[in-house]
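To start, the structure itself, in structure tokens.
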Amino acid sequence: MARIFSGIQPSGELHIGNYLGAVKNWVALQHEQESFFCIVNYHAITVPYTPEELRRRTREMAISLLASGLDPARAAIFVQSDVPEHTELAWIFNTITPLGELERQVQFKDKSSKQEQVMAGLLNYPVLQAADILLYRADIVPVGEDQVQHLELSRVVARNWNARFSPDAPYFPEPQPRLTPTRRIVGLDGQAKMSKSLGNTISLLDPPTVVWDKLRPAVTDPARLRKTDPGEPERCKTIYQLHRAFSPAAVVAEVETKCRGAQWGCIECKQVLHEHLTAELAPIQERAAVLAAEPERVDALLADGAHRARAVARETMTTVRDRMGLA
Ligand code: AMP
Ligand code: TRP
């Protein structure tokens, strides 16, 4: 049976880009395959951060994931630092990862250009990610498009380790990304990908009024200046993409016709989107409010997830240490 692993950083709120690009897929896949979903706090400390905030955000991320539909009865949902084998395997993988592979990672180049001083952890970030995945010998990794290059590196690591320590029968599978139809959600600026660091997001927990305050000024088809101008849905990156993600097919068809025919202005179109988007978020927000009132229950679910993950992690490390002459 295939195994699924994915991770998310607790570095900000869960936004609808994360939700559509990754988490919604996790919720679907947990019914099909043995699944592990990890809140990767060791990854989050590779850039400047505040300890108290990290602690708070880790729990908030757990609440958002559970509220989105991850089911602790089906999937192991846990915090990375509760399973110390992640860092142990990451160190080992550092010894078989060519430096050049790390230096050419786009995310490293992007993030390091924004730091005054670049720490080694930022460069080695994808090695820890490879360890996350391979610790569970997972073959399928549901992520957004921005993670495809990191997964390529995970396959290089698996291949290098297998070649050296398990040449006859590969011990680690080569993990493959599993993308959603909405692999890259565009932000409210209509240009860059939706990302917490760019401030162009709608949070999964934004109340309807806040969602509207964000949708109303969101960038639409730049060529459509007046309501009476016919629009081109494909050029309206954000709003049209969100309609396709949240509105029923009949409404999407109506949007296309009424935009092209200048029957709807952008505000009307956004009002219709607001209705369907907030309808999908409402039950998630209700569940999140219930969980937020029960922090001990959330902690207990995470402890149980870590316990289950650790059983698999220990097994892998026993084999790895044995093959490498470390035990
Ligand atoms: P992060 O918040 O960077 O830890 O990302 C968590 C997951 O959400 C990863 O699988 C990302 O690929 C995915 N993701 C983040 N932003 C977007 C976006 N704008 N569109 C689609 N997927 C995204
Ligand atoms: N790098 C991923 C991101 O920024 C988070 C992550 C860490 C991850 N470890 C992982 C994703 C393992 C998938 C599998 O989104």
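The values are calculated or read from the model by the stated rules, or taken from the named source; none is laboratory data. Small disclaimer: the values here were computed from a predicted structure and weren't measured. Cβ: placed from backbone, ideal geometry, glycine included. Neighbour counts: every protein chain shown. Just the protein is used for accessible areas: all its heavy atoms, side chains included, with ligands, DNA and RNA removed. Shrake-Rupley method; radii C 1.70, N 1.55, O 1.52, S 1.80 Å.
A few remarks follow.
- Of residues in the range 172-187 being over 15 Å from residue 2 (Cα atoms) and charged (D, E, K, R), the one surrounded by the fewest Cβ atoms within 10 Å (Cβ to Cβ): 184
- Selection from the range 245-277 of residues that are among the β-branched types (Val, Ile, Thr) and closer than 15 Å to residue 218 by Cβ: 255, 267, 272
- Tallying residues that are open to solvent by less than 60 Å² (accessible area, probe 1.4 Å) and in contact (Cβ under 8 Å) with a residue 24 or more places away in the chain within the range 192-206 yields 7.
- Answer residue from the range 33-85, given it is of a type in the set (Ser, Thr, Tyr) and within 18 Å of residue 142 (Cβ to Cβ) and is farthest from ligand 1 (Cβ to nearest atom) among those: 35
- Residue 146 fulfils the conditions (1) assigned by TED's automatic domain parsing to the domain that holds residue 316; (2) modelled with pLDDT of 95 or more except for a single criterion, (2).
- Per the listing 301, 277, the residue uniquely open to solvent by 40 Å² or more (accessible area, probe 1.4 Å) and farther than 30 Å from residue 167 by Cα is 301.
- Matching entry among 315, 294 (being surrounded by 14 or more Cβ atoms within 10 Å (Cβ to Cβ) and either under 27 Å from residue 78 (Cα atoms) or in contact with a strand residue (DSSP E or B) (Cβ under 9 Å, 6 or more places away or on another chain) (or both)): 315
- Qualifying residue in the range 20-27 (condition: assigned to a helix (DSSP H, G or I), within 23 Å of residue 278 (Cβ to Cβ), out of contact with any Ser or Thr (no Cβ under 8 Å at 6 or more places or on another chain) and among the hydrophobic types (A, V, I, L, M, F, W, C)): no
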